[in-house]
Amino acid sequence: MKKIVIATANPGKLEEINQLLAGWPVEVVSLKEVPGVPKIVEDRDTFVGNAVKKAEVVSSHTGEITIADDSGLEVDALDGAPGVYSARFAGEHATDEENNRKLLDKLKEVEEGHRTARFRCVIAIAVPGRKTVTVEGACEGMIAFEPEGTNGFGYDPLFYYPPKNCTLAQLDSVGKNRVSHRGKALEKARQVLRELLY
């Protein structure tokens, strides 16, 4: 059975990736299960740069196929912020709640029609001895005026998805994976992995 290392310690991301690879003849492990991985500083200014860096560092350390993603929220009224700083928008060790509060604060003067935003996800697949492949997914929506829903993580309770008339945090996991930026990127990543594994 092939091993695939997911270059994250984020349980929410790991769970989403596990669901999308369910039934495959692979053993999925997270960074928590890999000893001695060098600390990776996400210092690139694009999602692609950060994803590739994470995947390549971990793949060269483990010698295994590695999937890394970098994703975040781009709000048009904030010129694309928080972008690559989404996880640390309110500070280096900010909680989801603190990040959400800061976002609402920044948008308090912005009217409903001008709160457009998207979640963007880039997934890098690094294989020892091969060129790293990247795929991308996006999910378009609006920033709500207050959080709704308890499913998901990050900005999901604030991200209103018009086709479903609810926030991503109000969708169940299966529904969210069908429409989310990570779900779309992972669907493309599945095609790449299928060619590598079969």
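Bear in mind that the values in this text are calculations on the coordinates, not laboratory data. Computed from a prediction, not measured in an experiment: that's the story for all the values here. Cβ sites come from the backbone with ideal geometry, for glycine too, and all protein chains shown count toward neighbours.
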- line: Here, region 148-198 modelled as identical Cα point scatterers in vacuum has Debye log10 I(q)/I(0) at q = 0.21 Å⁻¹ of -0.69
query: How far is it, in nm, from the label point at E148 to the one at N18 when both lie 7 Å from their Cα along the line to the Cβ?
result: 3.0
- prompt: Considering only V133, G49, L73, whose Cα is most displaced toward the positive end of the charge dipole of the chain, charges sitting on Cβ of Lys, Arg (+1) and Asp, Glu (-1)?
  reply: V133
- prompt: Applying 1/(1 + (r/R0)^6) with R0 = 45 Å to the Cβ-Cβ distance of V29 and K164, what FRET efficiency is obtained, to the nearest 0.05?
  reply: 0.85
- line: Given all pairs of distinct Cα atoms, region 28-73 yields a Kirkwood Rh in Å of 11.1
message: If you average the C-alpha positions of region 88-151 and of region 167-198 separately, how far apart do those two centres end up, in angstrom?
response: 16
query: Calculated from DSSP H runs of 4 or more alone, at -39500 (n - 2.57) each and per residue, what is the 222 nm mean residue ellipticity of the chain, nearest 500?
result: -9500 deg cm²/dmol
message: Nothing charged except the Cβ atoms of Lys and Arg (+1) and of Asp and Glu (-1): what's the magnitude of the dipole of the chain about its Cα centre? Round to the nearest 20 debye.
response: 780
task: Using +1 at the Cβ of each Lys and Arg and -1 at the Cβ of each Asp and Glu in region 142-198, identify which of Q191, A144, S180 lies farthest towards the dipole's positive end.
output: Q191
- prompt: For A144, what charge total do you get from the other residues with a beta carbon under 12 Å from its beta carbon, if Lys and Arg give +1 and Asp and Glu give -1?
  reply: -3
message: So for region 2-197, considering every pair of alpha-carbon atoms, how many percent are separated by more than 27 Å?
response: 28
field: Inter-label distance for V192 and T46, nm, one decimal - labels placed 7 Å from Cα along Cα-to-Cβ
entry: 1.4
statement: Counting Lys and Arg as +1 and Asp and Glu as -1 over every other residue whose Cβ sits under 11 Å from the Cβ of G183, the net charge comes to +4
